[in-house]
């Protein structure tokens with residue numbers, strides 16, 4: 001069970017651990033925790049990063065961090081509170097604690113296509129193991145088969161790594 005996070009300093013320490021880094025954040029407290037977003041300096045903005053900053057919500061009781069689109073802080077708070085209290089829809093995704101781990105293994109590469117074996121591992125409420133499946137990626141269009149959300153995460157992971165050095169990664173793991 002997560003110990004309640006009661007101070008801004010505890011929240012900052014928790015964020016550094018959860019989000020794997022020493023980022024600067026602007027933090028706005030509200031009754032269930034904090035609304036947070038990266039505090040961008042001039043250099044990251046000139047490099048094209050931090051455009052369309054998303055907002056994070058850290059629930060101080062549960063330690064769950066969800067990511068909202070770039071909305072005003074008051075709208076994020078209102079939407080989050082409504083979703084928690086009334087069970088309404090929330091346009092946010094849980095980003096911590098991680099709920100799934102995907103293991104990727106390159107199984108085939110052709111001039112127009114790359115193929116990965118994907119092994120999902122559920123971290124929340126693990127039950128029966130999910131069978132592995134094959135992910136086919138068209139190198140030119142970056143479309144994939146299958147095209148479900150988990151495959152989209154794997155595709156994004158592989159494409160970002162391909163973009164850095166021009167090669168498709170042979171194996172890896174991502175958590176979401």
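Where a number appears in this text, it was derived from the coordinates with a stated rule and is not lab data. Fair warning: this is a prediction, and the values are worked out from it, not measured in the lab. Every residue, glycine among them, receives a Cβ derived from its backbone with ideal geometry; neighbour counts consider all protein chains shown.
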* Structure fact -> Of 98, 14, 37, the most mobile residue in a GNM of the chain (C-alpha springs, cutoff 10 Å) is 14
* Relative to the first principal axis of the alpha-carbon coordinates of the chain, what is the inclination of helix 73-86, with its axis defined by its Cα atoms, in degrees from 0 to 90 and to the nearest 10? -> 90 degrees
* With no solvent and one point per C-alpha, what does the Debye sum give as log10 I(q)/I(0) for the chain at q = 0.10 Å⁻¹? -> -0.50
* Structure fact -> The helix 8-18 Cα axis meets the longest alpha-carbon principal axis of the chain at an angle in degrees, between 0 and 90 and rounded to 10, of 10 degrees
* Most fluctuating residue of 103, 140, 38 in a GNM of the chain with Cα springs under 10 Å: which is it? -> 140
* **Footprinting exposure proxy for 84, 36 (fewest neighbouring C-beta atoms within 10 Å first)** => 84, 36
* Asked: Say a paramagnetic label sat at a point 7 Å from the Cα of residue 26, along Cα to Cβ; which residues of region 63-84 have their backbone N under 14 Å from it?
  -> 70-76
* To do: Would you calculate the separation in nanometres between label points at residue 171 and residue 64, each defined as 7 Å from the Cα along the Cα-to-beta-carbon direction?
  => 3.4 nm
* Structure fact -> Computed, not fitted: 222 nm per-residue ellipticity of the chain from DSSP H runs ≥ 4 (each -39500 (n - 2.57)), nearest 500, equal to -8000 deg cm²/dmol
* Relative to the longest principal Cα axis of the chain, at what angle does helix 149-165 sit, 0 to 90 degrees, rounded to 10? -> 80 degrees
* Remind me, what semi-axes does region 100-175 give for its equivalent ellipsoid, largest first in whole Å, using sqrt of 5 times each Cα gyration tensor eigenvalue? -> 22, 12, 11
